[in-house]
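Every read-out reported here was derived from the displayed coordinates using simple, explicitly stated rules and does not represent laboratory data. Computed from a predicted structure; not experimentally measured. We place every Cβ from the backbone using ideal geometry, glycine too, and count neighbours over all the protein chains shown.
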Amino acid sequence: QKEVEQNSGPLSVPEGAIASLNCTYSDRGSQSFFWYRQYSGKSPELIMFIYSNGDKEDGRFTAQLNKASQYVSLLIRDSQPSDSATYLCAVKGGSNYKLTFGKGTLLTVNP
Amino acid sequence: DAGVTQSPTHLIKTRGQQVTLRCSPKSGHDTVSWYQQALGQGPQFIFQYYEEEERQRGNFPDRFSGHQFPNYSSELNVNALLLGDSALYLCASSSGPSIDQPQHFGDGTRLSIL
């Protein structure tokens, strides 16, 4: 079982719709969860982080965490073509200092 | 507020050569992590430096080594380059020893091995 799993996509949504990106992780000791956006040929950009169960909202972005189900998601409301990118889920567990990444989900927002 | 800076941007080497990549952390950050990202994959952790010591290491061979300087900048050295070392090398910085601190990435160094 891979440590962090994401649907590779591509996920295609129309402009203005809600994009839902999902991630599961295997280490129950994981404590910190991060979402990065990566445009083609660029480096990852931190867009959200969440540490506690529940929802965390920042503008059009909402991160959701369910530690019992080992599941974290990212919702993007009012999706824009500029949101088209690969979204990487990353997890830090227990005494681990490293980020463990999924392979990423490619999101395409169609005008 | 300067972000994480990496140099060089691109590098072309041949098999067997050695390479040094450099990173300056974001202002106020004292912890530097290095990652390797192959095409179509998520970044893979190489190691992390804090207080000039390697604090944690990922599953990379000893050919990969690093250093952190008193000003918190860092170098990644790779010896005896292999074709499989071709990748985007990312430096990320964070603040303090807490494992919860978010890591911010630089623009990366794209290394091509011929």
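Structural remarks
- In plain terms, the bigger the Kirkwood radius, the slower the diffusion; for chain A, with that radius from Cα pairs, at 10 °C and 1.306 mPa s, Stokes-Einstein puts D at 114 µm²/s.
- Taken about its Cα centre, chain B carries a charge dipole of roughly 480 debye when the Cβ of each Lys and Arg holds +1 and the Cβ of each Asp and Glu holds -1.
- Computed FRET value (nearest 0.05) for A:I18 with A:K67, which takes r as the C-beta separation and R₀ as 25 Å: 0.60
- Using θ = phi - 60° in the Karplus curve 6.51 cos²θ - 1.76 cosθ + 1.60, the 3J(HN,Hα) couplings for the stretch B:38-51 round to 7, 4, x, 10, x, x, 10, 5, 9, 6, 10, 10, 8, 6 Hz; x is entered for Gly and Pro.
- Relative contact order [Cα under 8 Å, 6+ residues apart], chain A, whole percent: 38
- Every Cα-Cα pair of the protein assembly as shown was included, and the share exceeding 29 Å stands at 27 percent.
- Taking all pairs of distinct alpha-carbon atoms in chain B, Kirkwood radius in angstrom: 14.0
- Under a Gaussian network description of chain A, with springs only between Cα atoms under 10 Å, the residue in A:G59, A:G94, A:G29 that fluctuates furthest is A:G59.
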